[in-house]
Every structure is written in structure tokens, then in C-alpha cells.
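For reference, the structure is listed below as C-alpha cells.
Values quoted throughout were computed directly from the atomic coordinates according to the rules given, and no laboratory measurement underlies them. This is a predicted model, so every value here is computed, not measured. Counting neighbours? That spans all protein chains shown, and the Cβs are built from the backbone with ideal geometry, glycine included.
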Amino acid sequence: MKKIFITMLSLTITLSSLGATIEGKVSERNSLNSNRIIDKETGNGIGNAKITLPKQNYQTKTDREGFFELDTSITGPSIISVQKDKYKPFTMTIDEKAASKPLVVGIEKSNATDISIDINMHHLGDNTYSELSANAGKFLSESSGPFFTKNFVLRNINLSKPVYLVIGSIMGIDTLMARSMGQNKFPNSYASPPEVYFNGNKIAEIQINGDGQKIKIPPSLIKKNQQNEVTIKTGRNLMQTSYVDYDDIEFMNLIIEN
Ligand SMILES: [Ca+2]
């Protein structure tokens, strides 16, 4: 297709604490499909980047100039993942509204100290959930149970600098706080928050859905050059007392930043 931009309006939304920006570009004359992956620093298009939407089971690549087509239907919150050599794995949650406009996504070069510990989509819970939940629609995958654990070695970690666990994207959390922010539509039930453990110690509770949530890991818990373990445990419906109803959630993209 022709890539001719006549007059453009652009709007920038800061989406996450990682500072990812989307620019929705709207042509006044033509509605052009100009989804693009760019380098956050230079603004140059990034060719041959892998774009994945796990829920839609959709995968594509950017062309030489970083453009790509999103030839799939987006219903409800959906995670889009971008992978490219030498760049930080990037994920972001979009919905039909965001997908109806061309997306321009800036990704950043990875630092030598970043460690990608998991890039897959994971579903925690028990596969029973309501349409009113913050996932608003079907989850892609079967639940792998109420918790997720990953072991990894932390080499060359500098413990005099802060170490963070970054969760690229997470959705489906039905806490009271998520409800008060309008992330789900339950009139009178809510769940306890998912909990994050590092080497067996609880380091965080995740109250809301969103992208790029950064959790500081206490340096005293980190085992340098040895196996370390991250566990994410989903919450449970606090209004259901006759049986355990785990909160069904999905997350993707775990990175250790130092
Ligand atoms: Ca459930």
C-alpha cells in the first residue's frame, strides 16, 4: 500500500512506567494503516521485528521500514508483544479502541544487565471466570494452576545498584482496587491480589492490571551467580467462601533490570 501522509494529527499516550509511548497518527484525508515499530531513541523504523498477539494467535513481522499490518480482530484487552534482537522484549495491552488507530510503538535497546527470564504468555487460575472480569473476554490458554515459578541464574548482577523485576503486561486481576478503577464490572465481588515471591519471600502484591509494572527486589534476597526463583501466585475471590475460586489472570514478559 502507498505510504503517503498528507496532514497528520498525532497524539502521544504514555502507557507504562517503562515509558513506552504510542503515537496514534490520524490522516485527515486518508485512513492509512501505518502501524510501525520504531527505535525509542532514534525514531527510526525497525525492520524484521516479530509482532505477536497470543490471544488472537496472530503473528507477523515488520517490513524493512518497521511497518506492519494488524490483520486480526481485537476484542477486549489483548497483549501485543514485540521481539527484536538487541532490544528489550516489549509487551503492551491494547483494546479495540487502541487498535482502531494506527499504532506507533517505540522499543528500546536492551542493556547488558537486563535479563529476560520469560517471554511466554501464562494463564493462572482455574479456568472459571466471568465476562465481567478485567480480562473481558476469553483467555487464550488453559490455566497452569494457581501459581507460576521460574528458576534462573543471575550472573554479573550489581547489588549496589537497584534490581527490579518487571512484569511486561498483566490482565484479569479483579481486586477491589482494580474494580474501583473501572478495570472490571463486578457489582459486589472482588479478589485478593496476586502475590510475587522472590526466593520464597513475598516482595509484592499486584493490585491493578497494566503494563511495565516494576517491583524492587531486596538485595539481601538475591543470590549472585546462583539459581534464583520467582513465583507469581494468583489471588482468590474473597466473596466465594463455599469453595476456592482463584482469580484467573494472564501475564507475559518477565525481565530483571539492574
Ligand atoms: Ca476463577
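Can you sort SER78, SER160 from fewest to most other Cβ atoms within 10 Å of each residue's own Cβ?
Numbers: SER78 26, SER160 5.
Taking fewest neighbouring Cβ atoms as first place, the list is SER160, SER78.
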*So what's the gap between the Cα centers of region 34-82 and region 142-159, to the nearest angstrom?*
26
_I want to check the label-to-label distance for GLU69 and GLN227. Put each point 7 Å from Cα in the C-beta direction and report it in nm to one decimal._
4.7
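How charged is the neighbourhood of ILE215? Take every other residue with its Cβ under 13 Å from the Cβ of ILE215, and add Lys/Arg as +1 and Asp/Glu as -1. Don't jump to the answer; show the numbers that get you there.
On the way: positive: LYS202, LYS214, LYS216; negative: GLU195, GLU205, GLU257.
Result for the neighbourhood of ILE215: 0.
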*Using only Cα atoms, locate the centre of region 95-133 and the centre of region 185-258, then give the distance between them in Å, rounded to an integer.*
15
*Using label points projected 7 Å from each Cα along Cα→Cβ, tell me how many nm separate LYS161 and GLU108, to one decimal.*
1.2
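Counting only other residues whose beta carbon sits under 9 Å from that of SER192, what net charge do I get with K and R as +1, D and E as -1? Don't skip to the answer; put the middle values down first.
Working: positive: ARG236; negative: GLU195, GLU205, ASP247.
Around SER192, the surrounding residues sum to -2.
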_Could you derive backbone 3J(HN,Hα) for region 88-102 from the dihedral phi with the Karplus parameters 6.51, -1.76 and 1.60 (θ = phi - 60°), listing whole Hz in sequence and x where the residue is Gly or Pro?_
4, x, 10, 9, 7, 9, 10, 10, 4, 5, 5, 6, 6, 10, x
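Just list whichever of LYS88/LYS138; LYS109/LYS224; LYS84/LYS161; LYS40/LYS61; LYS202/LYS233; LYS138/LYS185 have alpha carbons separated by over 20 Å in the model shown. Show your work: numbers first, answer last.
Numbers: LYS88/LYS138 28 Å; LYS109/LYS224 24 Å; LYS84/LYS161 27 Å; LYS40/LYS61 18 Å; LYS202/LYS233 10 Å; LYS138/LYS185 15 Å.
In this structure, LYS88/LYS138; LYS109/LYS224; LYS84/LYS161 exceed 20 Å between Cα atoms.
Starting with the fewest neighbours, write out THR72, THR128, THR91 ranked by other beta-carbon atoms found within 10 Å of each beta-carbon. Each step should come with its number before you reach the end.
Working: THR72 14, THR128 10, THR91 26.
Listing THR72, THR128, THR91 from fewest to most nearby Cβ atoms yields THR128, THR72, THR91.
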_If each residue of separation counts as 0.36 nm, what is the full-extension length gain between ASN188 and LYS150 once their alpha-carbon separation is subtracted?_
10.3 nm
*Straight-line reach from LYS50: which aspartates and glutamates have Cα under 18 Å away, leaving out those fewer than 8 places along the same chain?*
ASP39, ASP63, GLU65, GLU69, ASP71, ASP85, GLU108, ASP118
*With a point put 7 Å past each Cα toward its Cβ, work out how far ILE119 is from THR60 in nm, to one decimal.*
2.0
*Based on other C-beta atoms within 10 Å, arrange ILE51, ILE173, ILE119 from fewest to most.*
ILE119, ILE51, ILE173
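Rounded to the nearest 500, what is the 222 nm mean residue ellipticity of the chain from helices alone, with -39500 (n - 2.57) per DSSP H run of 4+ residues and division by all residues?
Details: 2 runs with 9 residues, N = 258.
Per the formula, -500 deg cm²/dmol.
Does region 81-160 come out rounded, prolate or oblate, given a ≥ b ≥ c as the square roots of the eigenvalues of its C-alpha gyration tensor, rounded meaning a/c under 1.5 and, failing that, prolate meaning a/b above b/c? Write down the numbers at each step before the final one.
Numbers: a/c = 3.14, a/b = 1.29, b/c = 2.45.
Cα axes put region 81-160 in the oblate bin.
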*Figure the gain on full extension for LEU238 and THR128 (residue separation times 0.36 nm, minus the Cα-Cα span) and round it to one decimal in nm.*
38.1 nm
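Under the rule a/c < 1.5 gives rounded, and otherwise a/b versus b/c splits prolate from oblate, where does the chain land using the Cα gyration tensor? The partial results should precede the final answer.
Values: a/c = 2.19, a/b = 1.27, b/c = 1.73.
Because a/c hits 1.5 or more and a/b fails to exceed b/c, the chain counts as oblate.
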